[in-house]
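First comes the structure, then the notes that go with it.
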């Protein structure tokens, strides 16, 4: 007697282990594994270029783990799923929830359509440690400040579930006669700028697990302090694997729980908590990517200057740490978190450019571009978000470089024009005597730009701009 055919719809859960939806689907019948590239509903949230590159290789790795039986589809998932249901007499559709507002709206509509077709629609939590509606203040309202959210809310809620093993027997239905391949999604750019990203990443479920084990073995004990130094390998770099679901937060959480408690371990777990907090904010405040959470910033006197914006994007600001970060982003699809804060502060405070400019650029260039994290973090650094950094906290790119890249290893790697400049002047080359510049082969304004703004003056200008809205309600 043949088993019922059920669909597991892969989304941001591109893995086999600890996949609640897939595990549930396996128990009910023969699984038709489907990935739908939704080019109808995402609107302005369609994947950026770096994310599309990552998705190509992540889907390829997933397809290989499914013995090349991943059914690739393009279009509106509502129509695609109905067509598959009718073609194969599918009894149920399973998926893990996504939390971007447009996906929530789409999935609600799909569930209604499934009901009309007498087809089960079953959704699960495969992406978060705690559901956004589970961690609320005592009055039932969402948290807006991270520390009480994490310490009082999350850590006093039910603990994250144990990770699930990979299904022992995965009986798959082969629908590859659809004729659509991963190549048909056109995820890779026509001009292959992405080739520079390849040396920096191994993509897929197995590399994600390997990276976690390596981090726990070699780096986590130095995480709290070491994570601030961009030249040192003390960060996990798991964020793109988490975003695409090649690894789950539950797998990471429980892997760390088996380790000896330390300040570094607690700090790393709280970073998982920040990821949860960002998704919590996006769920409860769906306009987070567009709207200031502090309304007074609606009156902020932002500057519009496309030329200055371009210099920031290209790493040509004349501030070596800023330029190193922006070039790291372009060359690797990633930027060290400490440097993200510094370049973000520079954009919105020293340059007075709207945080939307940074959010959109990061969305297109980051392999770990995540709507919740990206929006919440940019609102944080701009001072207009929940639990935001005070606007008057303005990172100085010179002192930040001196403190966190004291030997200049990170900066010289991405700004080789300055590789021969002494450490004393590396982060402020305009202060170097002419003979030092000459010996280092640096010609300011020619082979390396002069500063596009002056730190002291731009700081004062930012504080004046903030003062103009300080008392606005």
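The values are calculated or read from the model by the stated rules, or taken from the named source; none is laboratory data. This structure is a prediction, so every number in the text was calculated from the model and none was measured. For neighbour counting, all protein chains shown are included, and Cβ atoms are generated from backbone atoms with ideal geometry for every residue, glycine included.
Only helices (runs of 4 or more DSSP H) wholly contained in the range 397-448 count here; list those with 2 or more residues that are within 19 Å of residue 341 (Cβ to Cβ).
Working: elements: 397-404, 409-414, 423-426, 434-440.
Helices (runs of 4 or more DSSP H) meeting the threshold: 397-404, 409-414.
Could you identify the single residue in 135, 145 that is over 30 Å from residue 4 (Cα atoms), at pLDDT below 95 and either in contact with a helix residue (DSSP H, G or I) (Cβ under 7 Å, 6 or more places away or on another chain) or not assigned by TED's automatic domain parsing to the domain that holds residue 384 (or both)? Spell out the reasoning first.
Values: 135 fails: at pLDDT below 95.
That would be 145, the only listed residue that is over 30 Å from residue 4 (Cα atoms), at pLDDT below 95 and either in contact with a helix residue (DSSP H, G or I) (Cβ under 7 Å, 6 or more places away or on another chain) or not assigned by TED's automatic domain parsing to the domain that holds residue 384 (or both).
So for the range 68-80 (the condition being farther than 26 Å from residue 15 by Cα and either assigned by TED's automatic domain parsing to the domain that holds residue 252 or more than 28 Å from the chain's Cα centre (by Cα) (or both)), does at least one residue qualify? Give the steps one after another, and end with the answer.
Restricting attention to the range 68-80, the residues satisfying the condition of being farther than 26 Å from residue 15 by Cα are none.
No, the conditions are met nowhere in the range 68-80.
Looking at (1) modelled with pLDDT of 95 or more; (2) under 30 Å from residue 105 (Cβ atoms); (3) buried (at least 16 other Cβ atoms within 10 Å of the Cβ), can you tell me which one residue 294 breaks?
Only one criterion in (1) modelled with pLDDT of 95 or more; (2) under 30 Å from residue 105 (Cβ atoms); (3) buried (at least 16 other Cβ atoms within 10 Å of the Cβ) is unmet by residue 294, namely (1).
Where in the range 40-127 are there strands (runs of 3 or more DSSP E), lying wholly inside it, with at least 3 residues that are at pLDDT 95 or above, in contact with a helix residue (DSSP H, G or I) (Cβ under 9 Å, 6 or more places away or on another chain) and farther than 30 Å from residue 196 by Cα? Let's see the steps before the verdict.
Numbers: elements: 71-74, 92-96, 120-124.
Of the strands (runs of 3 or more DSSP E) lying wholly inside the range 40-127, those with at least 3 residues that are at pLDDT 95 or above, in contact with a helix residue (DSSP H, G or I) (Cβ under 9 Å, 6 or more places away or on another chain) and farther than 30 Å from residue 196 by Cα span 92-96, 120-124.
Given the conditions (1) modelled with pLDDT of 95 or more; (2) crowded, with 22+ Cβ neighbours inside 10 Å, report the number of the one that residue 383 does not fulfil.
The single condition residue 383 does not satisfy is (1).
Please pick out the residue among 288, 265 that is under 17 Å from the mean Cα position of the chain (by Cα) and in contact (Cβ under 8 Å) with a residue 40 or more places away in the chain. Steps first, please.
Numbers: 265 fails: under 17 Å from the mean Cα position of the chain (by Cα).
Of 288, 265, the one residue that is under 17 Å from the mean Cα position of the chain (by Cα) and in contact (Cβ under 8 Å) with a residue 40 or more places away in the chain is 288.
Checking residue 393 against (1) more than 17 Å from residue 300 (Cβ to Cβ); (2) not in a helix (DSSP H, G or I): exactly one of these is not met. Which one?
Only one criterion in (1) more than 17 Å from residue 300 (Cβ to Cβ); (2) not in a helix (DSSP H, G or I) is unmet by residue 393, namely (1).
Within the range 83-101, track down each residue that is without any contact (Cβ under 8 Å) to a residue 40 or more places away in the chain and farther than 20 Å from residue 124 by Cα. If you could, list the steps in order and put the result at the bottom.
Going residue by residue through the range 83-101, those that are without any contact (Cβ under 8 Å) to a residue 40 or more places away in the chain are 83, 86-87, 97.
Within the range 83-101, 83, 86, 87 meet the criteria.
Quickly run through the range 187-220 and pick out the residues that are touching a helix residue (DSSP H, G or I) at 6+ places or on another chain (Cβ under 9 Å), surrounded by fewer than 17 Cβ atoms within 10 Å (Cβ to Cβ) and farther than 21 Å from residue 331 by Cα.
206, 213
Only one residue in 419, 443 is without any contact (Cβ under 8 Å) to a residue 24 or more places away in the chain and under 33 Å from the mean Cα position of the chain (by Cα). Which one? Give the steps one after another, and end with the answer.
Values: 443 fails: under 33 Å from the mean Cα position of the chain (by Cα).
From the options 419, 443, the qualifying one is 419.
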